[in-house]
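The values are calculated or read from the model by the stated rules, or taken from the named source; none is laboratory data. Worth saying up front: this structure is predicted, and the values here are computed from it rather than measured. Positions of Cβ are generated from backbone atoms using ideal geometry, with glycine treated the same way; all protein chains shown enter the neighbour counts. These accessible areas exclude ligands, DNA and RNA; they are computed on the full protein's heavy atoms, side chains included. Shrake-Rupley method; radii C 1.70, N 1.55, O 1.52, S 1.80 Å.
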Amino acid sequence: MIRPATPNDAEACVDILRAWIKEIAWMPMLHSRSSMLAYWGARLREAEGVVVAEDGGVLGFAVREGGYVSALYVAANARRRGAGTALLEAVARGRDTHLWTFQANAVARAFYAAKGFREIRRTDGENEEELSDVLLYRAGSA
């Protein structure tokens, strides 16, 4: 079930994000859990966010800010079950959509390519993590 995200979802979202960071060898853990909770609590209050929930638990989340999907993460036990697609479509909803992903994240890049996104720009690490990334774009449907 997809539903709007609330600040009360911050703990589950942070746990999903931190678990992903820990499983990715090249991804640095830059922030403490407590600082991430404060950040995501505020972000889920201010931005357009959704979660996929099942049996009372959050399995993934996505956030859209303006024309950008600024976050999309799915718990390891919920991947390849349609949660990422559902989250993406909930925040894209036929609108022109941009998003950044890391160049090293081949899984995410393949996922977005399969959803119709195309690469429009690369950087050498103009982000907090200082990792090379890629800007992707998908036109909304009329």
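Here are the numbers for this structure:
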item	result
Residues satisfying the stated conditions in the stretch 31-51, i.e. among the aromatic types (F, W, Y) and within 8 Å of A10 (Cβ to Cβ)	W40
Given (1) closer than 24 Å to L44 by Cβ; (2) touching a Ser or Thr at 6+ places or on another chain (Cβ under 7 Å); (3) open to solvent by 20 Å² or more (accessible area, probe 1.4 Å); (4) not charged (D, E, K, R), number of the condition L72 does not satisfy	(2)
Hits in the stretch 85-104 (condition: open to solvent by 10 Å² or more (accessible area, probe 1.4 Å), out of contact with any helix residue (DSSP H, G or I) (no Cβ under 6 Å at 6 or more places or on another chain), under 26 Å from R122 (Cβ atoms) and in contact (Cβ under 8 Å) with a residue 24 or more places away in the chain)	T85, R95, D96, H98, W100, F102, Q103, A104
Strands (runs of 3 or more DSSP E) enclosed by the stretch 85-142 - at least 3 residues per element that are farther than 28 Å from M1 by Cβ	118-123, 133-138
Only listed residue being over 21 Å from D133 (Cα atoms) and free of Cβ contacts under 8 Å to residues at least 24 places away in the same chain, chosen from E11, E46, E54, E65	E46
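Matching residues to (1) part of a loop (DSSP other than H, G, I, E, B); (2) of a type outside the set (S, T, N, Q); (3) closer than 23 Å to T85 by Cβ:
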{"position": "I16", "(1), (2), (3)": "no, yes, yes"}
{"position": "W20", "(1), (2), (3)": "no, yes, yes"}
{"position": "H31", "(1), (2), (3)": "yes, yes, no"}
{"position": "L37", "(1), (2), (3)": "no, yes, no"}
{"position": "R45", "(1), (2), (3)": "no, yes, no"}
{"position": "G49", "(1), (2), (3)": "no, yes, yes"}
